[in-house]
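The values are calculated or read from the model by the stated rules, or taken from the named source; none is laboratory data. Values in this document were obtained by computation on a predicted structure and should not be read as measured data. Backbone-built Cβ (ideal geometry, glycine too); neighbour counts: all protein chains shown.
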Amino acid sequence: MEPGKKTEPNKRLTILGATGSIGQNCLNVVSRLPQHFSVAALSTHTQVEKLLGDTAKFKPRMVAITGTEPDAEQRQQLKAHGVEIFCGPSALTDLAEHSDYDLLVNAIVGAAGFVPTYRALKRGRDVALANKETLVIGGAHIMAEAEKQQAAILPVDSEHSAIFQCLFGEEPKSVEQLILTASGGPFRQTRAEQFSKITVEQALKHPNWSMGKKISIDSATMMNKGLEIIEARWLFKIAADRIKVVIHPQSIIHSMVLFCDGSIKAQMGLPDMRIPIQLALGFPQRLPATFSRLDVASLQELTFEEPDRRKFPCLDLAYKAVARAGNAPAVLNGANEAAVDLFLNRKINFDQIPVLIDKALKTIDYHAGPGIDDLLQSDKAARRLVCQAVS
Ligand code: NAD
Ligand code: MG
């Protein structure tokens with residue numbers, strides 16, 4: 001170190017869902033920047049061996065295993081690294097509340113991420129949020145708690161990171177519209193009549209991104225963009241009717257903002273989740289990285305088109321749910337998770353996913369101002385209804 005040069009404090013991270021696609025990308029960023037980041041705690045649902053490997057490498061003080069019990073040997077190995085082990089469904093909140101971190105990275109998939117985000121914010125900790133379901137289920141509570149505790153929610157989702165960057169230095173009142181880009185997924189050019197025959201393997205093959213199973217199916221139905229509309233509504237405090245979706249199959253422009261003078265700012269880059277992850281981890285600093293650069297001159301074309309809302313009804317279901325507000329987005333999310341699970345287990349056809357979500361939105365009791373427990377109940381009720389509808 002040069003004499004007199006100030007060093008930035010090392011940020012301690014608790015990473016929930018460390019063994020998943022975002023979690024592993026996050027650990028890749030950490031391993032490249034050891035002078036900036038260290039790991040306080042890690043969680044996995046069932047991938048205990050992977051967690052063991054990352055424990056040896058990143059030396060967390062605590063780990064959580066939520067979906068299985070480690071066997072005696074795994075327990076022994078974890079203990080040998082001196083880590084405290086939390087197991088079972090409450091283990092995530094144990095980490096959020098008791099591990100020694102500056103920033104919680106929430107890379108859990110699904111509704112299980114909601115309560116841990118809330119608890120971290122309640123503790124006044126900043127959150128790097130990949131788990132969009134958190135804001136879909138309970139955006140009002142999450143944003144209110146963040147404001148109350150003066151804690152930051154830093155977007156990891158590439159579209160929201162793009163918008164976040166476009167808004168640097170801008171005043172909220174000059175924003176006219178947010179433009180979320182969507183690749184269109186694997187079935188952009190598939191005829192609607194073919195949708196009932198889509199297989200799990202076809203739906204899991206995303207053209208541009210490599211991701212976990214649930215978000216891959218969400219991208220194929222375009223519910224991912226629906227969830228992102230709701231996520232953006234809360235993160236950027238803007239009415240959903242000022243959030244537009246545009247198909248951009250190359251996934252180079254990650255999203256845009258239209259300002260009141262007609263100017264549009266866009267953020268571009270290769271589709272590599274480490275870029276938005278590193279920005280969220282390092283914020284407010286933009287740290288250097290050696291990831292591949294986008295060679296703009298090599299781009300043959302950037303194209304845009306309107307989404308086909310008839311073929312992808314999940315988009316309108318999301319707009320409907322966010323307009324209804326209350327517990328409707330939590331119902332949408334719970335029904336979607338249950339329907340995606342049924343599709344992945346080959347119990348329903350691909351085109352039944354939106355039908356089941358619509359049924360849940362029409363059937364589950366509406367609450368205008370739900371508390372946290374009401375939201376969790378609505379999530380459960382939506383899942384139950386979807387499962388009963390097909391049994
Ligand atoms: P993934 O399936 O690859 O990983 C999920 C992680 O969560 C794993 O570590 C798993 O062990 C854990 N997990 C799963 N179910 C759990 C449960 N019930 N309780 C506790 N832990 C559980 O998913 P992913 O693709 O990394 O996505 C994670 C989140 O990030 C999702 O909300 C997704 O929408 C969002 N996201 C992902 C990407 C991407 O490129 N993968 C991009 C943007 C946003
Ligand atoms: Mg996204």
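Quick notes on this one:
- Scanning the range 102-131 for residues that are in contact with a Leu (Cβ under 6 Å, 6 or more places away or on another chain), closer than 19 Å to residue 19 by Cβ and not hydrophobic (A, V, I, L, M, F, W, C) returns 106, 116.
Every residue, every condition in (1) surrounded by fewer than 19 Cβ atoms within 10 Å (Cβ to Cβ); (2) within 12 Å of ligand 2 (Cβ to nearest atom); (3) at pLDDT 95 or above; (4) not assigned by TED's automatic domain parsing to the domain that holds residue 349, yes or no:
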{"position": "174", "(1), (2), (3), (4)": "yes, no, yes, yes"}
{"position": "178", "(1), (2), (3), (4)": "no, no, yes, yes"}
{"position": "183", "(1), (2), (3), (4)": "no, yes, yes, yes"}
{"position": "193", "(1), (2), (3), (4)": "yes, no, yes, yes"}
{"position": "201", "(1), (2), (3), (4)": "yes, no, yes, yes"}
{"position": "204", "(1), (2), (3), (4)": "yes, no, yes, yes"}
{"position": "242", "(1), (2), (3), (4)": "yes, no, yes, yes"}
{"position": "245", "(1), (2), (3), (4)": "no, yes, yes, yes"}
{"position": "250", "(1), (2), (3), (4)": "yes, no, yes, yes"}
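- Boolean, residue 232 is surrounded by fewer than 17 Cβ atoms within 10 Å (Cβ to Cβ), away from ligand 1 (no atom under 12 Å from the Cβ) and outside any strand (DSSP E or B): no
- Conditions (1) farther than 25 Å from residue 179 by Cα; (2) touching an Asp or Glu at 6+ places or on another chain (Cβ under 8 Å); (3) in contact (Cβ under 8 Å) with a residue 40 or more places away in the chain; (4) polar (S, T, N, Q); number of the one not met by residue 349: (2)
- Criterion applied to 48, 63, 127 was being aliphatic (A, V, I, L, M), closer than 30 Å to residue 318 by Cα and crowded, with 16+ Cβ neighbours inside 10 Å, and the one residue passing it is 127.
- Some residue of the range 260-274 being under 27 Å from residue 141 (Cα atoms), touching a strand residue (DSSP E or B) at 6+ places or on another chain (Cβ under 6 Å) and in contact (Cβ under 8 Å) with a residue 40 or more places away in the chain: no
- The number of residues in the range 257-276 being part of a loop (DSSP other than H, G, I, E, B) and aliphatic (A, V, I, L, M) comes to 2.
- Residue 140 vs. criteria in contact (Cβ under 8 Å) with a residue 60 or more places away in the chain, within 12 Å of ligand 2 (Cβ to nearest atom) and of a type in the set (A, V, I, L, M): no
- Meets criteria (touching a residue at least 12 places away in the same chain (Cβ under 8 Å), within 14 Å of ligand 1 (Cβ to nearest atom), part of a helix (DSSP H, G or I) and surrounded by 17 or more Cβ atoms within 10 Å (Cβ to Cβ)) for residue 220: yes
- Given (1) within 20 Å of the chain's Cα centre (by Cα); (2) buried (at least 23 other Cβ atoms within 10 Å of the Cβ), number of the condition residue 54 does not satisfy: (1)
- Residue match in the range 277-293 (condition: assigned to a loop (DSSP other than H, G, I, E, B), more than 14 Å from ligand 1 (Cβ to nearest atom) and of a type in the set (Lys, Arg)): yes
- Taking the range 147-164 as the range and being of a type outside the set (A, V, I, L, M, F, W, C) and away from ligand 1 (no atom under 12 Å from the Cβ) as the test, the residues that pass are 147, 148, 149, 150.
- Qualifying residue in the range 249-267 (condition: in contact with a helix residue (DSSP H, G or I) (Cβ under 8 Å, 6 or more places away or on another chain) and charged (D, E, K, R)): yes
- When restricted to residues that are free of Cβ contacts under 8 Å to residues at least 40 places away in the same chain and within 14 Å of ligand 1 (Cβ to nearest atom), the range 183-217 contains 4.
- Restricting the range 69-88 to residues that are surrounded by 15 or more Cβ atoms within 10 Å (Cβ to Cβ) and of a type in the set (D, E, K, R), the residue that is farthest from residue 47 (Cα to Cα): 84
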